[in-house]
Amino acid sequence: MTSTTQGIVVGNFRDPITTVPVVWTVIPAVWIGGVFYSLNDLIKEDDPLRTWIQQALAINNRGQILAEGYGRVFLLTPSGRR
């Protein structure tokens, strides 16, 4: 099985986003300080707008991530907490 990842960085933000294929699915993720985080795990479970993010599209210098899930586009803004 061939494995590929895609990373997209807009501007000079140091932590790239990626979409990692895992068996028959992909995990939209971000690398923060060399640590891999699933974007879905970073969204609070009680957030009424939480959805299953399917793909990370781009990231800007503020760390905001443009993501897509089930035909909708989301702008994820970091809160500074993990």
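Throughout, read-outs are computed from the coordinates displayed, never taken from laboratory work. Being a predicted model, the structure only gives us computed values, none of them experimental. A quick note on method: Cβ atoms are made from the backbone with ideal geometry, for glycine too, and the neighbour counts reach across all protein chains shown.
List, in order, the whole-Hz ³J(HN,Hα) value for each residue of region 57-64 obtained from phi through the Karplus relation with A = 6.51, B = -1.76, C = 1.60 and θ = phi - 60°; use x for Gly and Pro.
Values, residue by residue: 9, 6, 9, 10, 5, 8, x, 6 Hz.
So for the pair ASN60, SER79, with labels modelled 7 Å out along Cα→Cβ, what separation do we get in nm?
With each label placed 7 Å out from Cα toward Cβ, I get 2.1 nm.
For GLN54, which sequence-distant residues (separation of 5 or more, or a different chain) have an amide H within less than 5 Å of its own amide H, given hydrogens modelled in the peptide plane?
GLU68, GLY69, TYR70
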